[in-house]
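To keep things clear, I will list the structure first and then write my remarks on it.
The values are calculated or read from the model by the stated rules, or taken from the named source; none is laboratory data. Note that the structure is a prediction, hence the values are computed from the model and not measured. We place every Cβ from the backbone using ideal geometry, glycine too, and count neighbours over all the protein chains shown. All accessible areas refer to the heavy atoms of the entire protein, side chains included, with ligands and DNA or RNA removed. Shrake-Rupley method; radii C 1.70, N 1.55, O 1.52, S 1.80 Å.
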Amino acid sequence: MKKILVVYFTQSGQMKDIVHALCMNIEGQAEIDYAPITLAQPYPFPWVAYDTFFDAMPESVLGITFPVQPMPELLEKDYDLVILGYQPWYLSPSIPFNSFLQSEWAKVLSGKPVITVIGCRNMWLNAQEKVKQRLIELNASLVGNIALDDKNPNITSTLTIVRWMLKGQKEATEKAPEAGVAQKDIQDTARFGPTILDWLRKGQQDDLQTQLLAQGAIQLRPNLIVMEGNGARLFPNWANNARKLGLPGDPARQKVLKKFKVTLFISIFILSPLSGGLAKLKTLLQKKKITEDLAYFKQTKYIKGKIGKA
Ligand SMILES: Cc1cc2nc3c(=O)[nH]c(=O)nc-3n(C[C@H](O)[C@H](O)[C@H](O)COP(=O)(O)O)c2cc1C
């Protein structure tokens with residue numbers, strides 16, 4: 001029997017549901033171990049207040065790690081495949097997931113084929129570039145990526161994610177749809193399991209990502225590539241400025257974080273219809289580049305500096 005390790009982080013339980021759905025159709029045909037990542041000092045969920053939510057920005061963007069609960073059991077078996085379930089925070093891998101990737105337990109990835117599974121609002125490209133880079137350092141080989149996002153328009157998904165993150169309500173209300181990845185999309189992730197197991201059994205010969213893409217593993221919206229690139233360029237300045245004023249929880253950095261929050265909301269709610277239009281125009285004017293970018297972000301290779309360039 002093939003041995004598969006599934007390492008994941010989740011706050012709300014969404015990523016747990018995704019990885020379990022992914023493996024649903026191959027349970028019993030492979031030995032599957034699930035390993036949730038837990039920070040020694042977890043972040044609250046729901047986050048309740050904007051201040052705590054935005055206080056996680058600098059360390060997310062700068063890739064600063066915190067201790068994770070030990071996971072020595074990961075190093076006890078010789079796995080055939082590792083599946084990593086994670087989410088972006090502020091266009092970077094979430095702090096708990098990044099903390100795992102930089103921890104000694106990430107040695108389990110050395111020499112292994114790895115599939116990443118992302119559950120996000122709609123911006124994951126910059127985070128995945130950082131993950132690809134780290135996987136290379138860990139001597140792991142990224143063979144597949146499945147990205148699940150919120151298919152609602154950008155403004156709608158921002159409104160519903162605020163409700164979800166601050167109050168814990170993912171379900172639809174009378175006025176607004178459910179937040180995050182739709183339940184149907186989560187359940188449909190089950191279609192990838194047999195493809196992955198077949199690929200493993202056949203000696204990993206074919207290109208797995210091509211097969212996953214044929215099953216709809218990634219649907220990219222070109223204007224979001226342009227918009228995420230803008231954010232990826234600007235976020236590190238905000239993060240450095242806040243970090244200079246204090247460590248997590250220090251009220252001294254709240255001034256910068258509040259300005260960041262206001263700027264972010266203005267750019268999403270007021271400017272995004274405009275910048276979305278400009279981004280669409282850019283995708284039309286730079287058709288060749290956008291087509292190349294779309295192809296690049298759908299596959300698993302890493303080329304430095306692909307996101308955030310003007
Ligand atoms: C602090 C924070 C920042 C986030 N930033 C992003 C982001 O940059 N892009 C995005 O698509 N989703 C973002 N999200 C949504 C998450 O990627 C994820 O979909 C959501 O938190 C649910 O994940 P869970 O499985 O941990 O509950 C963010 C969530 C949090 C808590």
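When a 1.4 Å probe is rolled over the protein heavy atoms, the share of accessible surface on the chain that falls to carbon and sulfur comes to 57 percent. Distances between placed amide hydrogens fall under 5 Å for A140 paired with G111, all partners being 5 or more residues away or on another chain. Surface listing: Y34, Y86 arranged by accessible area from highest to lowest gives Y34, Y86, probe 1.4 Å.
Rounded to the nearest 10 degrees, the angle from helix 287-298 to the longest Cα principal axis of the chain is 50 degrees. Annotated for segment 248-310: lysine pairs at least 8 residues apart or interchain, Cα distance under 15 Å, count 8. Principal axis analysis of the Cα atoms in segment 37-147 yields extents of 43, 28, 21 Å, listed in decreasing size.
Around the amide H of V6, modelled in the peptide plane, lie the amide H atoms of D33, Y34, A35, I83, all under 5 Å away and 5 or more residues distant in sequence or on another chain. Computed from point charges on the beta carbon alone (+1 for Lys and Arg, -1 for Asp and Glu), the dipole magnitude for the chain about its Cα centre is near 1380 Debye. Taking the inverse of the mean 1/r over every pair of distinct Cα atoms in segment 229-310 gives a Kirkwood hydrodynamic radius of 15.1 Å. Taking segment 3-220 as the region of interest, the number of lysine pairs whose Cα atoms are within less than 14 Å, with members eight or more places apart or on different chains, is 7. Relative to the longest principal Cα axis of the chain, at what angle does helix 222-245 sit, 0 to 90 degrees, rounded to 10? Here the helix axis deviates by roughly 70 degrees. Qualifying trypsin sites (Lys or Arg not before Pro) in segment 1-71, where qualification requires a DSSP coil assignment and no more than 16 other C-beta atoms within 10 Å, comprise K2.
Annotation: extensible slack from A252 through E178 equals 23.1 nm (criterion: 0.36 nm per residue apart, minus Cα-Cα distance). Surface analysis of segment 3-220 yields an accessible area of 40 Å² per residue, using protein heavy atoms and a 1.4 Å probe. Evaluate E = 1/(1 + (r/R0)^6) for L271 and Q215, where r is the Cβ-Cβ distance and R0 equals 41 Å; express this FRET efficiency to the nearest 0.05. Approximately 0.70, to the nearest 0.05.
With a sphere of radius 11 Å drawn around the Cβ of N122, what net charge do the other residues whose Cβ falls strictly inside it have (Lys, Arg +1; Asp, Glu -1)?
Neighbour charge sum, excluding N122 itself: 0.
The orientation-averaged projected area of the convex hull spanned by the Cα atoms of segment 1-72 comes to 6.1 nm².
Using the Karplus relation 6.51 cos²θ - 1.76 cosθ + 1.60 with θ = phi - 60°, the per-residue 3J(HN,Hα) values for segment 26-36 come to 10, 4, x, 9, 9, 8, 10, 10, 9, 10, x Hz, with x marking Gly and Pro. Here the spin labels are modelled as points 7 Å beyond Cα on the Cα-Cβ line, and at Q41 and K261 they lie 2.0 nm apart. Compared with the dominant principal axis of the Cα atoms in the chain, helix 254-265 is inclined by about 80°.
Charge tally around I155: other residues with Cβ under 14 Å, Lys/Arg +1 each, Asp/Glu -1 each, net +4. In this simple spin-label approximation, L281 and E27 carry label points 7 Å from Cα along the Cα→Cβ vector, and these lie 5.2 nm apart.
What is the gain in length, in nm to one decimal, between Y50 and I155 on full extension, counting 0.36 nm per residue of separation less the C-alpha to C-alpha distance? All intermediate terms of the calculation are to be shown ahead of the outcome.
Details: separation 105, 0.36 × 105 = 37.80 nm, distance 1.79 nm.
Gain on extension, Y50 to I155, equals 36.0 nm.
Grouping the Cα pair distances of segment 3-220 into 10 Å bins from zero gives a pair-distance distribution of 8, 35, 37, 17, 3, 0 percent in increasing distance order.
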